[in-house]
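Visitor: Quick one: the structure is below, and I'll ask about it shortly.
The values are calculated or read from the model by the stated rules, or taken from the named source; none is laboratory data. Note that the structure is a prediction, hence the values are computed from the model and not measured. Reconstructed Cβ throughout: ideal geometry from the backbone, glycine too, with neighbour counts over all protein chains shown. Ligands, DNA and RNA are stripped out before the accessible areas are found, and what is left, the full protein with its side chains, is counted by its heavy atoms. Shrake-Rupley method; radii C 1.70, N 1.55, O 1.52, S 1.80 Å.
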There are 2 protein chains.
Amino acid sequence: MADTIHFSPASLKVSCSNCSLRELCLPLGLNPDEMAQLDAVIRQSRKLKRGDHLFRSGEGFKSLFAVRTGFFKTTVASQDGREQVTGFHMSGELMGLDGISANLHGCDAIALEDSEVCELPFTRMEELSRDIPSLQRHFYRLMSREIVRDQNVMLLLGNMKAEERIAAFLLNLSQRLASRGFAANDFILRMSREEIGSFLGLKLETVSRTLSKLQQQGWIKVDHKHIQLVQPGELKALVTGCANANTNPM
Amino acid sequence: MADTIHFSPASLKVSCSNCSLRELCLPLGLNPDEMAQLDAVIRQSRKLKRGDHLFRSGEGFKSLFAVRTGFFKTTVASQDGREQVTGFHMSGELMGLDGISANLHGCDAIALEDSEVCELPFTRMEELSRDIPSLQRHFYRLMSREIVRDQNVMLLLGNMKAEERIAAFLLNLSQRLASRGFAANDFILRMSREEIGSFLGLKLETVSRTLSKLQQQGWIKVDHKHIQLVQPGELKALVTGCANANTNPM
DNA sequence: CGTACTGTTGAATGGGTTCAAAGGGTGTGG
DNA sequence: CCACACCCTTTGAACCCATTCAACAGTACG
């Protein structure tokens, strides 16, 4: 087993080339040389404990960060101190894209459990993306995807009722967990009711009540942070407004 | 006068190099050769009439569009038909960035008055941005700025009361108009109350009522679509939550 | 083992929505 | 050029969903 490890113990440092999250952070079809260039630039495994800040709004922007393990929230604050959770981030997802525009981080990133991130020094990535077209394209795509995601959140915040917001939130988590090989319909929430509420534009009491109501209806089971989607189809029907209440988990 | 025009009447086509909006769409400090490359790729002046669609959600994505003259809204729709205005766009602003991720447009773009746009074929821009580092950087910045903007809208939709939303909306318009050389405190709205409401997560009646209330308080004057900011400082105080109600127009 | 935090639930309140009606402006066709 | 129709806007009144205030239970952590 050990004969695949080269050189010194320092190379225990995992590399992008054999990272299982590779296809989430990086484009497909990189050749070995390109992969080596990336491995040389990307610093793996900065570790954070639950509650630690990865970066803060207003700090100088130098790097993007990819979640390796763990779970993060990002928040923005208004001048008078009101705080809004703008997203939850799990393995393979990139944080910090909002910092590029002004060379300052535009939000806080906080670990919601003990976590590990990879650091992608942005100016180096910019340089590399000139030489590696698929990398450039990949970054454009990632940023665009973030814009699409934000637009969908705007749709949610602008149009949906509490029940629909919670259902959309649970289904979104479910789908992201499923795409990482976890159970789609049985998971542990990493965030508090208050954080869910902040993200969804609701108060924590409303989140709690709504979860209870969904449980009463038999769509879900709630045991503190342990959530089971019993009737994901019904949740989906709630979000889409359609009448068909099948149990298709997608 | 005519001696600055070269070749045929076809070259009446305005070019980026002498476009007054250059600094909004393109990076600063391009050399003449780079500028010529861009001029060769960017197609100017597609004209739209009020109500026309520039593109529709689901259509194949090929180009970004920069507003040259006029005014646009972009909207996303949920599966069950609810519609959300995700932004209003004036001269120099780019639309279509959300289409990059899936090669499909993710929203509808509709002209709110007779307008002209420049078309930026994306694959060509991608290629150019490899050769022109400042162009690549510019696109990363633009996309990042869009993400920041969306996060601020999320903050607004998640945390603010009707009065604050309207104030923030008016101040934002004011600021963007001012930066284009128009009056900051006296302007014509290009969109209906319903479109404002959709953008701000309010019903059109609430928009109307709130404008009336702000007028009653003497902060603004409303005459149909003609808006005057009489006390912009008070509006700002409303948004920031601060107590200082000075009249500083910024 | 106690203290503090997180979550649940109830009751009262309130801001925004819904429903409704009427006025004003705009644009088109006669 | 006028008349009519339609849309946009305003305003009122009743209603409702989410918030606020409050009390209590369960859990985590020192």
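Visitor: Let me know the charge dipole size of segment B:160-240 about its Cα centre in debye, to the nearest 20, where only the beta-carbon of Lys, Arg (+1) and Asp, Glu (-1) is charged. Numbers along the way, then the final one.
Guide: Values: 12 positive and 8 negative charges, 20 e Å.
Result for segment B:160-240 is approximately 100 debye, rounded to the nearest 20.
Visitor: Report the net charge of residues surrounding B:ARG145, where surrounding means a beta-carbon distance below 11 angstrom and charges are Lys +1, Arg +1, Asp -1, Glu -1. Don't jump to the answer; show the numbers that get you there.
Guide: On the way: positive: B:ARG141, B:ARG149; negative: A:ASP98, B:GLU93, B:GLU146, B:ASP150.
Neighbour charge sum, excluding B:ARG145 itself: -2.
Visitor: Right, something else. For segment A:180-224, what is the accessible area per residue in Å² when the probe is 1.4 Å?
Guide: Details: 2560 Å² over 45 residues.
Ligands and nucleic acids excluded, the result is 57 Å² per residue.
Visitor: With unit charges on the beta carbons (Lys and Arg positive, Asp and Glu negative) and the dipole taken about the Cα centre of the protein assembly as shown, which residue among A:PHE169, A:LEU38, B:ALA184 sits farthest to the positive side?
Guide: About the Cα centre, the residue reaching furthest to the positive side is A:PHE169.
Visitor: Here's another thing I want to ask about it. In Å² (nearest 100), what accessible area is buried between B and A, both sides summed, heavy protein atoms only, 1.4 Å probe?
Guide: Using a 1.4 Å probe, the pair buries roughly 4500 Å².
Visitor: Distances from B:THR69 to the same position in the other copies: list them in nm, one decimal, shortest first, using label points 7 Å from Cα along Cα→Cβ.
Guide: In ascending order, 6.1 nm.
Visitor: Put a label point 7 Å from Cα along the Cβ direction on A:SER134, then list its distances to the equivalent points in the other copies in nm, shortest first.
Guide: The answer, with the shortest distance listed first, is 3.2 nm.
Visitor: Moving on. Quick one: Debye curve from the C-alpha atoms of the protein assembly as shown, no solvent, what's log10 I(q)/I(0) at q = 0.07 Å⁻¹?
Guide: -0.42
Visitor: Could you work out how far apart the two model spin labels at B:SER192 and B:GLN175 are, taking each label as a point 7 Å from the Cα in the direction of the beta carbon, and quote it in nm?
Guide: So the two model labels end up 2.9 nm from each other.
Visitor: Taking the Cα centre of chain B as origin, work out the dipole magnitude from +1 charges on Lys and Arg Cβ and -1 charges on Asp and Glu Cβ, in debye rounded to 20.
Guide: On the way: 30 positive and 29 negative charges, 93 e Å.
Once rounded to the nearest 20, the dipole reads 440 debye.
Visitor: To continue, here is another question. Can you pull the percent of segment B:2-146's accessible area that's carbon plus sulfur, 1.4 Å probe, other chains left in place? Before the final figure, lay out the partial values.
Guide: Details: 3380 of 6720 Å².
That fraction is 50 percent.
Visitor: Same structure again: Could you pull out the pairs from A:LYS203/B:LYS73; A:LYS73/A:LYS213; A:LYS213/A:LYS236 whose alpha carbons sit more than 23 Å apart here?
Guide: Result: A:LYS203/B:LYS73; A:LYS73/A:LYS213 exceed 23 Å.
Visitor: Apply the a/c threshold of 1.5 to the C-alpha gyration tensor of segment A:95-213 and tell me whether it is rounded, prolate or oblate.
Guide: prolate
Visitor: Roughly how crowded by other chains is peptide A:79-86, in terms of the mean Cβ count from those chains within 10 Å of each of its Cβ atoms? Spell out each step's value before the answer.
Guide: Values: counts 5, 7, 2, 6, 3, 9, 2, 7.
For this peptide, the per-residue mean of nearby foreign Cβ atoms is 5.
Visitor: Oh, and also: Past the 22 angstrom mark, what percentage of all C-alpha to C-alpha distances in chain B do you count?
Guide: On the way: 18423 of 31125 pairs.
Summing the P(r) tail past 22 Å for chain B gives 59 percent.
Visitor: Restricting to Cα pairs below 8 Å that are 6+ residues apart, what does the relative contact order work out to for chain A? Please round to a whole percent. Don't jump to the answer; show the numbers that get you there.
Guide: Working: 380 pairs, mean separation 40.7, N = 250.
Result for chain A is 16 percent.
Visitor: Hey, another quick one. Quick check: Cα centre of segment A:84-104 to Cα centre of segment B:127-180, how many Å?
Guide: 15 Å
Visitor: Evaluate the relative contact order of segment A:160-240 (contact order divided by residue number), counting alpha-carbon pairs under 8 angstrom at least 6 apart; express in whole percent.
Guide: Working: 92 pairs, mean separation 29.1, N = 81.
Relative contact order comes out at 36 percent.
Visitor: Separate question: Can you give the relative contact order of segment B:2-146 as a percent, counting alpha carbon pairs under 8 Å and 6+ residues apart?
Guide: On the way: 252 pairs, mean separation 43.6, N = 145.
Averaging sequence separation for qualifying contacts and normalising by length gives 30 percent for segment B:2-146.
Visitor: In nm, give the distance between the simple-model label positions of A:ARG82 and A:GLN216, each being 7 Å from the Cα along the Cα-to-Cβ direction.
Guide: It is 2.9 nm.
Visitor: Just the number: Rg to Rh for segment B:2-146, Cα atoms, Kirkwood Rh, two decimals. Please list the in-between numbers first.
Guide: Working: Rg = 15.8 Å, Rh = 16.0 Å.
The Rg/Rh ratio comes out at 0.99.
Visitor: When the helix-only estimate is applied to chain A (DSSP H runs of n ≥ 4, each -39,500 (n - 2.57), divided by the residue count), what is the mean residue ellipticity at 222 nm, nearest 500 deg cm²/dmol? Walk me through the numbers on the way to the answer.
Guide: Details: 8 runs with 98 residues, N = 250.
Helix contribution divided over all residues of chain A: -12000 deg cm²/dmol.
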